[in-house]
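Working notes, beginning with the structure itself.
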Amino acid sequence: MAFLDERDWQGRIYSGGWVDGSGEPYDSVEPATGKALGRVGAATPADLDRAVAQAAQAQRAWAAVPYIERAQVLRRAGALFEKHQAEIADWIVRESGALRPFADFQTSNGAAEECYESAALAAAPFGEVLRSVEDRLSFSRRRPVGVVGVISPFNAPMVLAMRAVAPALALGNAVVLKPDPRTAVCGGVTIARVFEEAGLPEGLLHVLPGGADVGAALVDDPRVPVIAFTGSTRAGKAIATAAAQRLKRVHLELGGNSALIVLEDADLEKAVSAGAFGSFHHAGQVCMASSRHLVHASIAEEYTARLAERAEAAPAGDPSTDAVAVGPMIDERQLQAAHSVVTDSLAAGARLAAGGTYEGLIYRPTVLADVPLTARAYTEEIFGPVAPVVAFQDLDEAVRLATDTEYGLSLGILTGDPARGLALADRIPTGLVHINDQTVNDEATVPFGGMGESGNGSRHGGAAANLEAFTEQQWVTVRGEIPGYPF
């Protein structure tokens, strides 16, 4: 029997076991073919209310168990992700349109590693002894926040959910996960099945596919003090505004308009390869995609020509059956949004060097040259396989261009002199910097996040960030006896 046998979950949500949701079940659809992959249960705000009540009750007992028991559950979950990698990756390929290497990354390097790192987090030091002028023991300790709400996106549904789910559970919290409805199996059902098999006590994890009303109810619920959201800047701002009314903490990883700076001393062929990957990987549906190629004027023409050649040669199609470099976009709305950026930028004066066409949900890798600084392809997040190229004359201009954005997620600098690259990076505010690599990088061990329109800092990944994200600090003092007071 397959690990994701549909008899367990088809048409159901995971909330204290597999149960019927109050919403109307719907089909999970393969973007490359339009075929139905399975029937997904749908939640409503009423289901959310019941889930949070169960989670809050279950969390108290979970927080009280020895840390090693929580670590063991996380280790078993990691092993299950590895054991069933092939089947899980197949779902990621078909439901999200990812290429197989990206699907494998999300399963083994992503979900499994998040579990193993979080298992270690359960045993991490969680407080410190503090100095005091009083005759007492004074110390701080970290306590779980309670119930953590996680709202995850479609583009990397497994890893972007697990980087919050795993550490939150390891630190003694319960989790209510609302996956994107378009990828609710690979980004929700799979996670529920793994933790079910790993022996996570009932009621600690709830997976509720649903619409914006379910997400809004999760953000508004006073019993959920922390929200971890990954998605668009527009949605992130709305969540932050709503959460502020409840004075609750939000961890926002939002959009990007990341620059890839190519200096004149870079290895041109390798730079073009890196740039192509940074823009075309996962059809450009990556928050840290190489959104603006800033290239030294002395090599900009040749760089653009070679990038266009790679775009024209890249095979595109169904990643589940074809050997392709670019798969489908998630749906028609996302495709048309990216295409409108391209057509508007061409109307503004950009030159089409490659691509700009589509068939079904397959958008051809696109290269735009001579992009005006007022064009949408320069000023906005595209979220499609589009590489805008802009030339610069010197480092000062490169800095001005790279910082000419409200976003601040990732930065790549390609150069023959790494020290020169580091010095340049010091002048450009951003959450992530990669010298001699493109902008799309992630690991379970790193603090991940951006600034400005890209989010509110590195709130995901790494022991320090996760402790800060999913615990509260508590000050404790202990005296040998009650002191005397002048009352």
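The values are calculated or read from the model by the stated rules, or taken from the named source; none is laboratory data. Quantities reported herein were computed from a predicted structural model and do not represent experimental measurements. Please note: Cβ atoms are built from the backbone with ideal geometry, for glycine as well, and neighbour counts cover all protein chains shown. Quick note on the areas: whole protein, heavy atoms, side chains included, nothing else; ligands and nucleic acids left out. Shrake-Rupley method; radii C 1.70, N 1.55, O 1.52, S 1.80 Å.
Each row is one residue, and each column tells you yes or no for (1) in contact with a Lys or Arg (Cβ under 9 Å, 6 or more places away or on another chain); (2) in a helix (DSSP H, G or I); (3) crowded, with 18+ Cβ neighbours inside 10 Å.
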residue	(1), (2), (3)
ALA238	no, yes, no
GLY256	no, no, yes
GLU264	no, no, no
HIS281	no, yes, yes
VAL295	no, no, yes
Top-ranked residue in the range 18-37 [being out of contact with any Gly (no Cβ under 9 Å at 6 or more places or on another chain) and exposed (fewer than 14 other Cβ atoms within 10 Å of the Cβ); ranked as nearest to VAL175 (Cα to Cα)]: GLU24
Regarding THR190, is this residue surrounded by 24 or more Cβ atoms within 10 Å (Cβ to Cβ) and among the hydroxyl-bearing types (Ser, Thr, Tyr)? yes
If the requirement is being outside any helix (DSSP H, G or I) and of a type outside the set (Gly, Ala, Ser), which of these qualifies: VAL272, VAL250? VAL250
Kindly state which helices (runs of 4 or more DSSP H) lie completely within the range 374-487 and contain at least 2 residues that are touching a Pro at 6+ places or on another chain (Cβ under 8 Å) and modelled with pLDDT of 95 or more. 376-379
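Taking the condition open to solvent by 20 Å² or more (accessible area, probe 1.4 Å), in contact (Cβ under 8 Å) with a residue 60 or more places away in the chain and more than 27 Å from ALA112 (Cα to Cα), does ALA244 pass? Reasoning before the result, please.
On the way: open to solvent by 20 Å² or more (accessible area, probe 1.4 Å): yes; in contact (Cβ under 8 Å) with a residue 60 or more places away in the chain: no; more than 27 Å from ALA112 (Cα to Cα): yes.
Against the criterion (open to solvent by 20 Å² or more (accessible area, probe 1.4 Å), in contact (Cβ under 8 Å) with a residue 60 or more places away in the chain and more than 27 Å from ALA112 (Cα to Cα)), ALA244 does not qualify.
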Restricted to the range 83-128 and to residues being out of contact with any Gly (no Cβ under 9 Å at 6 or more places or on another chain) and hydroxyl-bearing (Ser, Thr, Tyr), the residue modelled with the highest pLDDT is THR107
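Buried (at least 24 other Cβ atoms within 10 Å of the Cβ), at negative phi and part of a loop (DSSP other than H, G, I, E, B): does that describe PRO209?
Values: buried (at least 24 other Cβ atoms within 10 Å of the Cβ): yes; at negative phi: yes; part of a loop (DSSP other than H, G, I, E, B): yes.
Taking the combined requirement at face value, the residue satisfies it.
Just name the residue that is surrounded by the most Cβ atoms within 10 Å (Cβ to Cβ) out of those in the range 329-339 that are over 19 Å from the mean Cα position of the chain (by Cα) and touching a residue at least 12 places away in the same chain (Cβ under 8 Å). Please lay out each step first, then the result.
First, pick out the residues of the range 329-339 that are over 19 Å from the mean Cα position of the chain (by Cα): 332-333, 335-339.
Pick out the ones that are also touching a residue at least 12 places away in the same chain (Cβ under 8 Å) and you get 332, 335, 337-339.
On the way: GLU332: 11, LEU335: 20, ALA337: 15, ALA338: 22, HIS339: 19.
Ranking the qualifying residues of the range 329-339, first place goes to ALA338.
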Counted residues, the range 344-357 - those being open to solvent by less than 60 Å² (accessible area, probe 1.4 Å) and under 30 Å from the mean Cα position of the chain (by Cα): 4
Tally, over the range 437-446, of residues that are in contact with an Asp or Glu (Cβ under 9 Å, 6 or more places away or on another chain) and open to solvent by 40 Å² or more (accessible area, probe 1.4 Å): 2
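Let me confirm something: among GLN438, GLN473, which residue is within 21 Å of THR405 (Cβ to Cβ) and of a type in the set (S, T, N, Q)?
Working: GLN473 fails: within 21 Å of THR405 (Cβ to Cβ).
Result of the check over GLN438, GLN473: GLN438.
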For the range 38-154, which fully contained strands (runs of 3 or more DSSP E) count at least 2 residues that are crowded, with 23+ Cβ neighbours inside 10 Å? 147-151
